[in-house]
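Derivation of every value follows stated rules applied to the coordinates shown; laboratory data play no part. Just so we're clear, the structure is a prediction, and the values are computed from it rather than from any experiment. Note that each Cβ is placed from the backbone with ideal geometry, even for glycine, and that neighbours are counted across all protein chains shown.
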There are 2 protein chains.
Amino acid sequence: MTTPVASCVSDSVVTLDSVRESLVRQEDTIVFSLIERAKFPTNAPIYDHSLNSFPGFSGSFVESVVRETEAVQAKAGRYENPEENPFFPDNLPPSLVPHRNYTQFLHPAGASININKKVWDMYFTQLLPLFVAPGDDGNYAATASSDLGCLQALSRRIHYGKFVAEVKYRDAPHDYEPAIRSKDRDALMNLLTFKSVEDIVKMRVEKKAMTFGQEVNVNANGTSTTNGNYKVDPPIVGRLYEEWVMPLTKLVQVEYLLRRLD
Amino acid sequence: MTTPVASCVSDSVVTLDSVRESLVRQEDTIVFSLIERAKFPTNAPIYDHSLNSFPGFSGSFVESVVRETEAVQAKAGRYENPEENPFFPDNLPPSLVPHRNYTQFLHPAGASININKKVWDMYFTQLLPLFVAPGDDGNYAATASSDLGCLQALSRRIHYGKFVAEVKYRDAPHDYEPAIRSKDRDALMNLLTFKSVEDIVKMRVEKKAMTFGQEVNVNANGTSTTNGNYKVDPPIVGRLYEEWVMPLTKLVQVEYLLRRLD
């Protein structure tokens, strides 16, 4: 069996290669999660703040499901891992599992960076309408679970910018220090932007959407066939990366570097 | 965009074609969930009954996470859907969402069939050791979430046997009634077994494991490449279907048919 690619930095050495490997692997998770969400139609009532029936919550149904599931996962220690950032960090219960010493790789100030409000808004107001069919099939609980899967995959990928920034900084601190000291966001953004690399990432995620979202069939003789349909339109995944995932990851990197010398 | 295949029978007509379509689509979900679980090593402590630190629970860590997450999803109405069967049905909180009239397609006795104990044991004792790498990376919460994803996907597929049995029965009730009346399990099993169809399913899920579990790369010129590695070994997915998913689905069908004339 292929040795699985570790998705987490705990107990392992973080390098440019391992960061890149994790980012590539996380693309698969994001594409899978979008394909799974696309099984369900919009199911608009779960996003309507006036229709929630969870007692004690004022937000939408999906917000209640995300908050309550995050509480279960917080008790299970999910947010002890510096790769994970909750959408609703206030009032989360403490972890019940014995503390694990995650490798202290990030600068401590990195822990304060959480742009999940932006991830949430992007996902629900911009991305979701692009790739789900209109309609209401009543599968509200499963739909909300699928949304949480997409949100967590996108959030992890975007906040992985902290690790990207740290490896880049350690690789060439003198390149970044002047811009950090002068708090020059534009200069930092320029240092972190490699158009040719971003173009390849966009092509690769579109290719993944084609590969993972195709309908795979086999005939009685074992020959495989496909009908050219995709469960999520590949250019939408390219656009997701170009317009939101890569810019937001760079925003996390800039925020991280600005705190790197604190 | 391709119209997503509805995964649920609510508000739609159940036919032999729609059942088949759902079974095929659920294969993708199962393969995705196994690939996601394979990101993490075994993480054995989460399965150890002596190490759980959730107060008030006597089972393993993963059992606590599954129980608590099922409670959240029960409040969100997940188990109102006749396709969904909880692993821990005792003491689940009631649904807080307004009751939805799912199409009354199944015989009411179908609701009492829940073989998740077998699904749980198969998954943890037989399947999991086949496709995850040994080791402990400390990602316990994320690993338990991944396990839940696999369990729910497998459970839904296996219990979908209720729908398979109902469409088959409606299509040719006289074929099944003698064996039902004489409670002849073997005769029912024979009526439900089509070796050539099962062979195609096995080939197709192996092909899906190859397609969805490959490493997709593109060069700077947009050409895609792959290295021939798979994240989950395709023959293991074939074996999962041959040894467990298809036999357990047929067990659900037999149990359902035995109650069909009650």
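Restricting the first member to segment A:147-170 and to residues that are acidic (Asp, Glu), and the second to residues that are surrounded by fewer than 24 Cβ atoms within 10 Å (Cβ to Cβ) and part of a loop (DSSP other than H, G, I, E, B), the beta-carbon pairs closer than 9 Å and six or more apart or on different chains are A:Glu166/A:Val14; A:Glu166/A:Phe105; A:Glu166/A:Leu106; A:Glu166/A:His107; A:Glu166/A:Arg260. The residue of segment A:64-83 that is nearest to the chain's Cα centre (by Cα), among those that are in contact (Cβ under 8 Å) with a residue 40 or more places away in the chain and more than 8 Å from chain B (Cβ to nearest Cβ), is A:Glu83. Among the residues of this structure, B:Arg170 counts as one that is surrounded by fewer than 20 Cβ atoms within 10 Å (Cβ to Cβ) and among the charged types (D, E, K, R). In this entry, A:Leu92 is excluded by the filter for residues that are assigned to a loop (DSSP other than H, G, I, E, B) and within 7 Å of chain B (Cβ to nearest Cβ).
Okay, residues lined up against (1) of a type in the set (D, E, K, R); (2) out of contact with any Gly (no Cβ under 9 Å at 6 or more places or on another chain):
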{"position": "B:Thr125", "(1), (2)": "no, yes"}
{"position": "B:Phe131", "(1), (2)": "no, yes"}
{"position": "B:Tyr140", "(1), (2)": "no, no"}
{"position": "B:Pro173", "(1), (2)": "no, yes"}
{"position": "B:Leu188", "(1), (2)": "no, yes"}
{"position": "B:Leu191", "(1), (2)": "no, yes"}
{"position": "B:Lys207", "(1), (2)": "yes, no"}
{"position": "B:Asn219", "(1), (2)": "no, yes"}
{"position": "B:Asp233", "(1), (2)": "yes, no"}
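Working only within segment A:191-231, note down all residues that are in contact (Cβ under 8 Å) with a residue 12 or more places away in the chain, among the hydroxyl-bearing types (Ser, Thr, Tyr) and under 20 Å from A:Thr29 (Cα atoms). Matches in segment A:191-231: A:Tyr230 only.
Within segment A:182-209, if we keep just the residues that are surrounded by 15 or more Cβ atoms within 10 Å (Cβ to Cβ) and of a type in the set (Gly, Ala, Ser), the residue that is nearest to A:Arg20 (Cα to Cα) turns out to be A:Ala209. Do we find a residue being surrounded by fewer than 18 Cβ atoms within 10 Å (Cβ to Cβ), more than 30 Å from A:Val197 (Cβ to Cβ) and not basic (Lys, Arg) anywhere in segment B:210-221? No, segment B:210-221 has no match at all. Any residue that is among the basic types (Lys, Arg) and away from chain B (no Cβ under 14 Å) - is there at least one of those in segment A:141-162? For segment A:141-162, residues among the basic types (Lys, Arg) and away from chain B (no Cβ under 14 Å): present.
Working carefully through the options B:Tyr176, B:Tyr230, find the one that is of a type in the set (Ser, Thr, Tyr) and within 14 Å of chain A (Cβ to nearest Cβ). Answer to the check: B:Tyr230. Looking at segment B:99-164, the helices (runs of 4 or more DSSP H) lying wholly inside it that each contain 1 or more residues that are more than 18 Å from B:Ile35 (Cα to Cα) and not aliphatic (A, V, I, L, M) sit at B:116-121, B:140-159.
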